[in-house]
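Structure first, commentary second.
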Amino acid sequence: QVHLAESGGGLVHSGGSLTLSCAASGFTFSAATINWHRQAPGKERELVAAINSAGGASYLDSVKGRFTISRDNAKNMVYLQMNGLKPEDTAVYYCSKWNHINRSIDSWGQGTQVTVSS
């Protein structure tokens, strides 16, 4: 079965950095597109970053230049390096797996809380 588990969240001051990790199992990780999303209370979940099987990455405009998504296929891990954090980055961050057959998200992690104090 597919399993995704996020870690690395925490409390940081504005301008600080955090690295989130997503540990994956139960599928051919190297062939998968993996995403990072976030959801703040009372707001819609939004796609923050995505990385495809070739390592190509895309980002939400508001995090470009600050966040970097990467993957380590040998470890079945995806990372989100977050620099220059702002209070508006405060949210629960989730990783997900893209199902290219169904053209939808088919798996979610449990989420990890990121809080940026002003």
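Quick notes
- Accessible area per residue, Å², the chain with all protein chains present, probe 1.4 Å: 52 Å²
- Residues listed by number, the stretch 17-43, amide nitrogen under 16 Å from Ser53 label point at 7 Å toward C-beta: 26-35
- When the solvent-accessible area of the stretch 15-67 is split by element, carbon and sulfur atoms take up 49 percent of it, the probe being 1.4 Å.
- Share, in percent, of DSSP beta bridges within the chain that are antiparallel, nearest 5: 90 percent
- Rule-of-thumb Rg ratio for the stretch 1-66 [Cα; 2.2 N^0.38 Å; N residues]: 1.25
- Pairs of Cα atoms in the chain fall into 5 Å distance bins, from 0 up to the last occupied one, in shares of 2, 12, 24, 26, 19, 10, 5, 1, 0 percent.
- Residue with peak Gaussian network fluctuation, the chain [Cα springs, cutoff 10 Å], from Gly42, Gly84, Gly16: Gly42
- Cβ charges +1 (Lys, Arg) and -1 (Asp, Glu), total dipole of the chain, debye: 100 debye
The values are calculated or read from the model by the stated rules, or taken from the named source; none is laboratory data. Every value quoted in this text rests on a predicted model; they were computed, and no experiment measured them. Note that we place each Cβ from the backbone using ideal geometry, even for glycine, and neighbour counts take in every protein chain shown. Only protein heavy atoms, including side chains, enter the accessible area calculation; ligands, DNA and RNA are left aside. Shrake-Rupley method; radii C 1.70, N 1.55, O 1.52, S 1.80 Å.
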